[in-house]
Ligand SMILES: NC(=O)c1ccc[n+]([C@@H]2O[C@H](COP(=O)([O-])OP(=O)(O)OC[C@H]3O[C@@H](n4cnc5c(N)ncnc54)[C@H](O)[C@@H]3O)[C@@H](O)[C@H]2O)c1
């Protein structure tokens with residue numbers, strides 16, 4: 001197949017891994033990179049041997065077919081909408097947008113124009129969570145009953161070079177990290193039907209300790225601890241804690257799945273198969289017996305950010321549905337924003353979005369002909 005021409009908007013912290021991976025994937029041609037800060041775009045272009053564009057000429061004038069939008073959350077919706085209006089497919093970093101109206105408009109405009117919307121995270125397409133999904137479908141823990149997710153951290157101002165946006169509307173622990181967990185939940189169990197949540201903002205201000213903004217104060221404008229309870233369409237129950245206020249224990253499980261015949265600890269959903277696929281194990285407990293499963297056969301176990309775009313390139317070529325889709329990300333946004341509504345209004349919220357559960361990646365898709373592996 002002719003490689004899909006991809007252009008990146010946003011040359012910040014996360015752009016390096018995308019540049020690296022998209023330069024390697026066989027069905028993608030990484031054309032160039034742009035940013036409102038042209039020096040950043042130029043630096044990444046020089047590093048990865050691609051072209052630096054200004055944002056307008058990439059979106060409006062280039063022969064790029066898909067815009068990878070890795071700007072800050074507040075710009076996800078507006079940049080993606082412009083790309084669609086100029087006839088380009090888009091793939092956004094998470095969250096898809098910061099309001100339901102923006103996200104709805106993206107999917108509607110794309111449908112009208114025959115274009116595609118994709119969105120991170122694509123970690124659920126990695127070897128770890130594909131194996132977990134297969135185990136659940138094979139009945140390894142019986143019928144799923146419940147799932148618990150824990151994303152607890154003391155915040156990002158200690159390490160991220162530009163941490164301010166994490167404490168503004170559109171981010172916080174839920175909109176920033178929730179997508180990994182909620183997308184993994186929907187991959188395992190299908191859509192969420194309703195939820196109830198409580199939230200709090202523990203610290204009104206944050207002091208940056210990372211460079212280059214060390215010592216600057218961030219005014220916190222989003223809740224920083226959430227506890228959300230979910231009911232899935234399938235009947236499974238779920239709970240997710242996301243926090244930038246609290247310390248995690250080393251070894252604390254990220255997600256535990258409970259079934260009628262056993263329980264399972266699954267890989268961190270912010271990874272493609274844990275942080276070290278060699279030592280990572282899926283743990284299953286049945287009665288008093290615990291077994292550990294190493295993921296061996298599934299590909300994409302290392303940091304494969306961009307895999308969702310690779311899947312999109314093939315889906316566009318073959319006229320199939322892509323998995324890290326705008327509908328899935330719209331549902332995840334619905335669950336995240338509804339958690340804020342539920343807490344603010346002290347009520348259950350029925351979700352308005354109902355995406356299909358993404359299909360497992362079939363082994364034939366890894367064949368040389370289908371080309372996901374090249
Ligand atoms: N850094 C990570 O570890 C990480 C991991 C996963 C996902 N993400 C997501 O990726 C996105 C980017 O994160 P980051 O850490 O690279 O942030 P960053 O602040 O380092 O970079 C964002 C870049 O976008 C540019 N930008 C902002 N608005 C723009 C606009 N309207 N048009 C063009 N360029 C614009 C900025 O100039 C900046 O260079 C965020 O949505 C974040 O949630 C980041």
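Laboratory data are not the source of any read-out in this text; all were calculated from the coordinates shown. Predicted, not measured: the structure shown is a model, and the values here were computed from it. Reconstructed Cβ throughout: ideal geometry from the backbone, glycine too, with neighbour counts over all protein chains shown.
Across the stretch 241-374, the relative contact order, built from alpha-carbon pairs under 8 Å that are at least six residues apart, equals 13 percent. Counting only DSSP beta bridges with both residues in the chain, the antiparallel share comes to about 60 percent.
Shape class of the stretch 124-293 from the alpha-carbon gyration tensor: prolate, with a/c at 1.5 or above and a/b greater than b/c. Rounded to the nearest 0.05, what FRET efficiency do residue 294 and residue 37 have when you use their Cβ-Cβ distance and R0 = 51 Å? FRET efficiency, residue 294 to residue 37: 0.75.
If a/c stays under 1.5 just call it rounded; otherwise compare a/b with b/c (prolate if a/b is bigger, oblate if not). Do that for the stretch 247-360, with a ≥ b ≥ c from the square roots of the Cα gyration tensor eigenvalues. In terms of gyration-tensor shape, oblate. In the chain, the DSSP-assigned H stretches of four residues or longer account for a calculated mean residue ellipticity at 222 nm of -9500 deg cm²/dmol, using -39500 (n - 2.57) per stretch and the full residue count as denominator. Expressed as a fraction of 2.2 N^0.38 Å, the C-alpha radius of gyration for the chain is 0.96. Highest average first, the peptides 322-332, 337-347 ordered by how many other beta carbon atoms sit within 10 Å of their residues are 322-332, 337-347.
The value of relative contact order for the stretch 1-155, using C-alpha pairs under 8 Å at least six residues apart, is 17 percent. Bridge orientation summary for the stretch 124-293: considering DSSP beta bridges with both residues in this region, about 85 percent are antiparallel. Between 356, 83, 11, the GNM of the chain built on Cα springs shorter than 10 angstrom shows 356 fluctuating the most.
You can think of it this way: the chain between residue 134 and residue 162 has 6.2 nm of extra reach, that is 0.36 nm per residue less the Cα-Cα gap. Annotation for the stretch 198-246 versus the stretch 270-286: alpha-carbon center distance of 25 Å.
For the stretch 89-194, rounded, prolate or oblate, judged on the Cα gyration tensor with a ≥ b ≥ c (square roots of eigenvalues), a/c < 1.5 rounded, else prolate if a/b > b/c? The shape class here is oblate.
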